[in-house]
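The values are calculated or read from the model by the stated rules, or taken from the named source; none is laboratory data. In this text, all values refer to a predicted model and were calculated from it rather than measured experimentally. When we count neighbours, we look across all protein chains shown, and the Cβ atoms used for this are built from the backbone with ideal geometry, even at glycine. We work out accessible area using only protein heavy atoms, side chains counted, and drop any ligands, DNA or RNA first. Shrake-Rupley method; radii C 1.70, N 1.55, O 1.52, S 1.80 Å.
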Amino acid sequence: MVSVFSAYASSILSLWLLALVVVVFVFLGTRLAIIDARTHRLPNRIVGPWYLVAAALMGSAALFAGQGSDAWRMLAGGAILFGVYLVLHLIQPKGMGMGDVKLAGVLGMHLGLASWQHLLLGTFASFLLGGLYAMVLVLTKKANLKSSIPFGPFMIVGTAAALLVG
């Protein structure tokens, strides 16, 4: 997201919209991470509206900054990440829940707005962090290979980390 801020610096309105995107990401991301950690659920009533808010704010910021191709990449990033997670869900429904699939789409929009590299890095970081956490749980005998862990927090943190790389 840092790189996006610099690319959009010519439009003060775009910068304000991006600042609002960050506030929404932090608020909803934190809320969803806490809910998922406690309940293993990512409520549609939160994830669904996030799509609309993210698309409106990021799409408008891109258009006001004259970066229309970024808006298309944002939408493509969301669709691609949603599709990848959906395939994982279809292969192993107990391993990847539909809440994760839905969350992946909105996180893919954020990563896609930044760049294709951010989309790859955020996806990799999410799986790396989740895998390391699962490995620690197994090694400390707090979980076994059939245990489920909430993946949403790792998706959110992996996305945030990738966006901060710039």
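A few points about this structure:
- Taking a point 7 Å out from the Cα of Ser148 in the direction of its Cβ, the residues of segment 10-52 whose backbone N falls within less than 17 Å of it are 33-44.
- Point-to-point label distance, Val136-Ala55, nm (Cα→Cβ direction, 7 Å offset): 3.7 nm
- Debye log10 I(q)/I(0) at q = 0.16, 0.18, 0.27, 0.29 Å⁻¹ for segment 126-166, Cα point scatterers: -0.43, -0.51, -0.86, -0.93
- Phe151 contributes an accessible area of around 20 Å² to the protein surface, as traced by a 1.4 Å probe with all chains present.
- Between Leu13 and Ile34, the modelled label-to-label distance comes to 3.5 nm, taking each label 7 Å out from Cα in the direction of the beta carbon.
- Derived value for segment 70-166: Kirkwood hydrodynamic radius 13.5 Å. Basis is the mean of 1/r over every pair of different alpha-carbon atoms.
- Carbon + sulfur, % of accessible area of the chain - ligands and nucleic acids excluded, 1.4 Å: 73 percent
- Charge dipole (Cα centre; +1 on Lys/Arg Cβ, -1 on Asp/Glu Cβ; no other charges) of the chain amounts to roughly 620 debye.
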